[in-house]
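The values are calculated or read from the model by the stated rules, or taken from the named source; none is laboratory data. Please read these numbers as outputs of a predicted model, since none were measured by experiment. Neighbour counts run over all protein chains shown; Cβ positions are idealised from the backbone, glycine included. Ligands, DNA and RNA are stripped out before the accessible areas are found, and what is left, the full protein with its side chains, is counted by its heavy atoms. Shrake-Rupley method; radii C 1.70, N 1.55, O 1.52, S 1.80 Å.
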Amino acid sequence: MSNNTTSRQLLPSITGGVWGWVFLLLISCGGQTKRSDAPDTIALQPAPTFVADSAMAYVEAQCAFGPRVPGSAAHQACGDWIVKQFQAQGAEVVELRTTLNGYDGKPMPCRNIQARLNPEAVDRILITAHWDSRAWADNDSNPQHHHTPVLAANDGASGVAVMLEMARVIAQKGLSYGIDFVCFDVEDQGTPQWAEETEESYWCLGSRYWAQEAFAAGYRARYGVNLDMVGGRGARFAMEGFSKQYGKPIVDMVWHLAVQLGYSNYFVLEDGGYVTDDHLPINRILHTPCIDIIPCVAGASSSFGPTWHTINDTPENIDPGALQAVGQTLLQLIYNDNE
């Protein structure tokens, strides 16, 4: 993923049902202040409990394979493991494989993994994250590490871990509609910082391919939520710009639910930047409103956190509390909409 400050056209927002509840926010970020009214309390429906220790074990298990760089043995083995974990929860797993060219023209295998709970249901919700590891720690403070693959505990494994734990508890409780968990590949192989020219189009290749194929197949979901780097220590999740453009009602609901559940130290009522991430192909190609939960860490060497694209993106730097905040908030979001 990468930062992007270019504005985009707003798609029509979803209305009706739970999404008819929209409120204005009083926020201040980057020196810009916006007015708002205080939101009303949302009636919380019974939702299963997200277990942070279980999610943490999923992070550690992925990292035990080593960096999951496309084409590596660790990538193949971890992909097989992810498939088995979803299948163990009764999910129907479909893989979408292809070969994509990287910034240097070299081909990379791409393996998108889609796990469907309650696959016969027409009404569906989409939850996504990427599972590949960046091939270069090109944001590391030590230039000697710039060609070292990233273990990607946060930037990849954390989002998948949250989805796996959500799938586990949802499978136990059940839902009246379907959930699609999609693990995107080849998200994090964008142009390295040492390249002579930076090119935005080499990020999020796997999600772009998936969205094109899903659109051609007539796939439909009510809305989507993308998870990226949702476990880092010190994580603060501001409201990402493109997410507000394409799915403001969803952003409003997620952030208010998080605050109401007691996670205001993670979900802050502030505007974040505009980020090129896997939610953009879902919005622009599939035309499904999709938001991005991604950190905006003030005062860090990167707004994505100090371990971003460094050799320090390891399980020791994962905060189980961040995993809990994201996972429980999303479970509440889903079960509040369970009709």
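From the helices alone, meaning DSSP H stretches of at least four residues, give me the mean residue ellipticity at 222 nm for the chain, per-run term -39500 (n - 2.57), in deg cm²/dmol to the nearest 500. It would help to have the intermediate numbers written out before the result.
On the way: 7 runs with 99 residues, N = 339.
Only helices count here, giving -9500 deg cm²/dmol.
Whole-Hz Karplus values for the range 283-295 come out as 6, 8, 9, 7, 6, 10, x, 9, 10, 10, 9, 8, x Hz, taken residue by residue from phi with 6.51 cos²θ - 1.76 cosθ + 1.60 and θ = phi - 60°; glycine and proline positions read x. Karplus-derived 3J(HN,Hα) values for the range 222-239, using 6.51 cos²θ - 1.76 cosθ + 1.60 with θ = phi - 60°, are 5, 6, x, 9, 9, 10, 9, 6, 9, x, x, 5, x, 5, 10, 9, 8, 7 Hz; glycine and proline are entered as x.
Over the range 170-248, what is the relative contact order in percent, taking alpha-carbon pairs closer than 8 angstrom and at least six residues apart? Write out the running numbers ahead of the final one.
Details: 32 pairs, mean separation 15.4, N = 79.
This gives 20 percent for the range 170-248.
Taking amide H positions as modeled 1.01 Å from N, with prolines and chain starts lacking one, the residues under 5 Å from residue 226 and 5 or more places away or on another chain are 128, 291, 292, 293. Scanning residues 5 or more positions from residue 123 or on other chains, those with amide H under 5 Å from its amide H are 178, with H placed 1.01 Å from N in the peptide plane. Fully extending the segment from residue 264 to residue 54, taken as 0.36 nm per residue of separation minus the present Cα-Cα distance, adds 73.3 nm. Taking every protein chain into account, the accessible area of the chain amounts to 39 square angstrom per residue (probe 1.4 Å).
Phi-derived couplings, Karplus 6.51 cos²θ - 1.76 cosθ + 1.60 at θ = phi - 60°, listed residue by residue for the range 69-83: 6, x, x, 8, 5, 5, 4, 4, 5, 5, x, 4, 5, 4, 4 Hz, with x used for Gly and Pro.
The residue list 276, 221, 207 was ranked by how far each Cα lies along the charge dipole of the chain toward its positive end, using unit charges on Cβ atoms, and 221 comes out on top.
Quick one: with all protein chains in place, what share of the accessible area of the chain is carbon or sulfur, to the nearest percent (1.4 Å probe)? Mind showing how you got there, number by number?
On the way: 6710 of 13210 Å².
On the chain, the fraction of accessible area on carbon and sulfur atoms equals 51 percent.
For the range 181-339, the relative contact order comes to 29 percent (Cα pairs under 8 Å, sequence separation of at least 6). Between amide H atoms placed 1.01 Å from N, distances below 5 Å from residue 100 occur with 108, 110, all of them 5 or more places distant or on a separate chain.
I'd like the projected area of the chain, averaged over all directions, using the convex hull of its alpha carbons. Report it in nm² with one decimal.
Details: hull surface 63.3 nm².
For the Cα atoms of the chain, the hull's average projected area reads 15.8 nm².
Taking a ≥ b ≥ c as the square roots of the eigenvalues of the Cα gyration tensor, the range 251-327 is oblate, since a/c reaches 1.5 or more and a/b is not larger than b/c. The peptide list 52-62, 228-238, put in order of mean Cβ contacts within 10 Å with the highest first, becomes 228-238, 52-62.
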